[in-house]
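Novice: Quick one: structure below, then a few questions.
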Amino acid sequence: MENSNKIIPPHLNAEIYRSDTSSANTISYLDYLYLHPKDGVLIGCSELTGRYWNGGANIYKSLDESQKKHNEAKMTINLASGTADGCFIGNASKVLLCEDNGTVSVWSASKDEAWKQWTEDVSVAEHDDAVLTVDCLQSEKEYVTAGADGNIKVWDIHEMLCIRNYLTAHSLAVYGVSVKPNSTTTFATGSTDEYITLWDDNISNPALNLAKNNCGIRCLQWLDENRIIFGDEGGVLSLIDIRIPEDFTKLTEFPAAIHKIKVHPEENKVAICCDNKIVTVCEVNACNEVKGIYHDRHMHNNYVRGLAWDLADSKTLHTSGWDGEIKTHHMVWD
């Protein structure tokens, strides 16, 4: 067979793809939702399409404003990658964002209300993979992050310096970090390497490997000063008492991997969302017995990702999800 020297121009579809600008507005998949105690709502999202893989965050003054404006294309903060977690730093004019490219960034708002712009104060890319979770050790002073690289880092937020670096703290991605109530040094982490580990910021080694689960840990949070509640990839919600770490209690099962849990700040209630569109609220008593008090599968039409208890009404829960919606759940209990 003779070789053809004919130059074939690119296919018409390829040319259209290169020159097309109609897909500049990507879909926002809302990944987390946080409420400031006074006057702020932080919503982080990843914007994923075949051509774009960006992210950002919107900061609003109230939930009413966020529910009215969250579908607007304009983002308060635009990022070059997705964001899996973030938090307010002190007041509602400063936020910390965890980015999928390994960056931890701090943003602040100008004082000019007429042109309130958010600018990046500082960013540090010291994680070797996506930064997946953050929690506060000392408000406006120290914060702890963990990521898909298995590393844990404690940050001096004023200088944006890593003051404690736990390299290969876990052998796989760390999806959950939670600071112990009323402590400024102790925190727990959960990883897909199946371990839950207790840390003290004063020492460089793990304080205690609390438990080894039979599958990867996706989320965890302190229920009180002695008990940690966690969810895993098998959809099992469990509880461990750090006073007797060799034994942990299986509370209940869900039909999909548990993505996030949110403990009520005043009640022994826990909100749970999984890799589906269902929102569940359970009550956990002092005997480690669980009772379901709320269940919704209709408000969202895609995965639920963010959970936040209302700060004014203790029986109200707000959720966000990959459908781009922010929903409010009202519940009743004795």
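The values are calculated or read from the model by the stated rules, or taken from the named source; none is laboratory data. Values in this document were obtained by computation on a predicted structure and should not be read as measured data. Here the Cβ positions follow ideal geometry from the backbone for every residue, glycine too, while neighbour counts run over all protein chains shown.
Novice: Are any residues in the range 239-266 exposed (fewer than 15 other Cβ atoms within 10 Å of the Cβ), within 19 Å of Leu311 (Cα to Cα) and charged (D, E, K, R), and if so, which ones?
Specialist: Once the filter is applied, which keeps residues that are exposed (fewer than 15 other Cβ atoms within 10 Å of the Cβ), within 19 Å of Leu311 (Cα to Cα) and charged (D, E, K, R), the range 239-266 yields only Glu266.
Novice: Checking Tyr303 against (1) farther than 22 Å from Thr133 by Cβ; (2) in contact with a Lys or Arg (Cβ under 7 Å, 6 or more places away or on another chain), only one condition comes out false. Which one?
Specialist: Among (1) farther than 22 Å from Thr133 by Cβ; (2) in contact with a Lys or Arg (Cβ under 7 Å, 6 or more places away or on another chain), Tyr303 violates only (1).
Novice: Of the numbered conditions (1) at pLDDT 90 or above; (2) buried (at least 17 other Cβ atoms within 10 Å of the Cβ), Gly234 satisfies every one except a single condition; which is it?
Specialist: Unmet condition: (2).
Novice: Something else about it: Output the strands (runs of 3 or more DSSP E) that fall wholly within the range 293-334 and possess 1 or more residues being of a type outside the set (A, V, I, L, M), buried (at least 21 other Cβ atoms within 10 Å of the Cβ) and in contact with a strand residue (DSSP E or B) (Cβ under 8 Å, 6 or more places away or on another chain), or say none.
Specialist: 304-309, 316-321
Novice: OK, next. Which pairs turn up if I take residues in the range 46-67 that are within 16 Å of Tyr32 (Cβ to Cβ) and at pLDDT 85 or above and look for partners that are crowded, with 19+ Cβ neighbours inside 10 Å and of a type in the set (Phe, Trp, Tyr) with beta carbon separation below 6 Å, at least 6 apart in sequence or on another chain?
Specialist: From residues that are within 16 Å of Tyr32 (Cβ to Cβ) and at pLDDT 85 or above, the pairs are Ser46/Tyr29.
Novice: Same structure again: Quick check on my filter: what residues within the range 104-134 are assigned to a loop (DSSP other than H, G, I, E, B) and either in contact with a Cys (Cβ under 7 Å, 6 or more places away or on another chain) or within 19 Å of Ile43 (Cβ to Cβ) (or both)?
Specialist: Within the range 104-134, Lys116, Gln117, Glu126, Ala130 qualify.
Novice: Hey, Gly40 hits all of (1) at pLDDT 80 or above; (2) surrounded by fewer than 18 Cβ atoms within 10 Å (Cβ to Cβ); (3) not hydrophobic (A, V, I, L, M, F, W, C) but one; which does it fall short on?
Specialist: The failed condition is (2).
Novice: Looking at Glu113, Glu120, Glu142, which one is over 20 Å from Asn209 (Cα atoms), of a type in the set (D, E, K, R) and modelled with pLDDT of 95 or more?
Specialist: Glu142
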